[in-house]
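One structure is given here, and the rest of the page talks about it.
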Amino acid sequence: MLAGLDGDDGDEGDDFQVLSVQGLSSFFLMFGLVGIALDRQTGAGAVASLLGGFLAGAAAVWVLARIFRVALGLQSSGTIPSQAAVGCLGTVHQRIPERGTGRVNIRIGQRIREMDAVEASGAGLPTGTPIRVVRVERSLAIVQPFSPEA
């Protein structure tokens, strides 16, 4: 896709691009419709029809750009930061060997995230053990067993 006319290099992907299929299509659609309507229906001259068509095309591109910006503002990355797991509960998904790394499923809000994990004291934990995340170091969860009664 070609970069927009606003000097943007087009790498961000969050701006509407004027020189895109949508931008060019909306411009030429309104340019043609309004230009023909002005020429044939109102009897305006060629210059007035071209000017009216150009203004209508530019307005259509502006409206389309606004619609794209609003729509892009509604999206979310959905990425959960690793530090959000601290204090959350979960279960051991893949056994954590003694002084080794396993995998845990952690419930963060309404989502479940799977992370590499080690037991805080270095002990091993079997699959299915309830855990609480004590801290996170470089996307590695430091966990300890959790008993619901305590």
**Item:** Check on ALA59, more than 30 Å from PRO126 (Cα to Cα), touching a residue at least 24 places away in the same chain (Cβ under 8 Å), surrounded by fewer than 15 Cβ atoms within 10 Å (Cβ to Cβ) and not assigned by TED's automatic domain parsing to the domain that holds GLY128
**Value:** yes
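When you look at ARG132, is it loosely packed, with under 14 Cβ neighbours inside 10 Å and in a strand (DSSP E or B), yes or no?
Details: loosely packed, with under 14 Cβ neighbours inside 10 Å: no; in a strand (DSSP E or B): yes.
So ARG132 does not fit the description; no.
Yes or no: ALA71 surrounded by 12 or more Cβ atoms within 10 Å (Cβ to Cβ) and outside any loop (DSSP other than H, G, I, E, B)?
Details: surrounded by 12 or more Cβ atoms within 10 Å (Cβ to Cβ): no; outside any loop (DSSP other than H, G, I, E, B): yes.
Considered against the rule, which asks whether it is surrounded by 12 or more Cβ atoms within 10 Å (Cβ to Cβ) and outside any loop (DSSP other than H, G, I, E, B), ALA71 comes out as no.
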**Prompt:** Of the residues that sit in the range 9-42 and are closer than 14 Å to ALA58 by Cβ and outside any helix (DSSP H, G or I), which one is modelled with the lowest pLDDT?
**Reply:** PHE16
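ALA65: assigned to a helix (DSSP H, G or I), touching a Ser or Thr at 6+ places or on another chain (Cβ under 9 Å), modelled with pLDDT of 85 or more and among the aliphatic types (A, V, I, L, M), yes or no? So that I can check it myself, show each step before the final result.
On the way: assigned to a helix (DSSP H, G or I): yes; touching a Ser or Thr at 6+ places or on another chain (Cβ under 9 Å): no; modelled with pLDDT of 85 or more: yes; among the aliphatic types (A, V, I, L, M): yes.
Spelling it out, it is not the case that ALA65 is assigned to a helix (DSSP H, G or I), touching a Ser or Thr at 6+ places or on another chain (Cβ under 9 Å), modelled with pLDDT of 85 or more and among the aliphatic types (A, V, I, L, M).
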**Asked** Scanning the range 79-138 for residues that are among the hydroxyl-bearing types (Ser, Thr, Tyr) and modelled with pLDDT of 90 or more, which turns out nearest to GLU149 (Cα to Cα)?
**Response** THR129
**From ARG111, ARG138, ARG103, residue being surrounded by 13 or more Cβ atoms within 10 Å (Cβ to Cβ) and under 29 Å from the mean Cα position of the chain (by Cα)** = ARG103
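Considering only the range 81-96, state which residues are surrounded by 14 or more Cβ atoms within 10 Å (Cβ to Cβ) and in a loop (DSSP other than H, G, I, E, B). Don't jump to the end; show me each part of the working.
Filtering the range 81-96 for residues surrounded by 14 or more Cβ atoms within 10 Å (Cβ to Cβ) gives 82, 84-86, 88-96.
Matches in the range 81-96: VAL86, CYS88, ARG95.
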**Message:** Restricting to the range 87-137, give me the number of residues that are farther than 30 Å from SER77 by Cβ and β-branched (Val, Ile, Thr).
**Reply:** 2
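The values are calculated or read from the model by the stated rules, or taken from the named source; none is laboratory data. Quantities reported herein were computed from a predicted structural model and do not represent experimental measurements. Because the Cβ atoms are built from the backbone with ideal geometry, glycine has one as well, and the counts that use them run over all protein chains shown.
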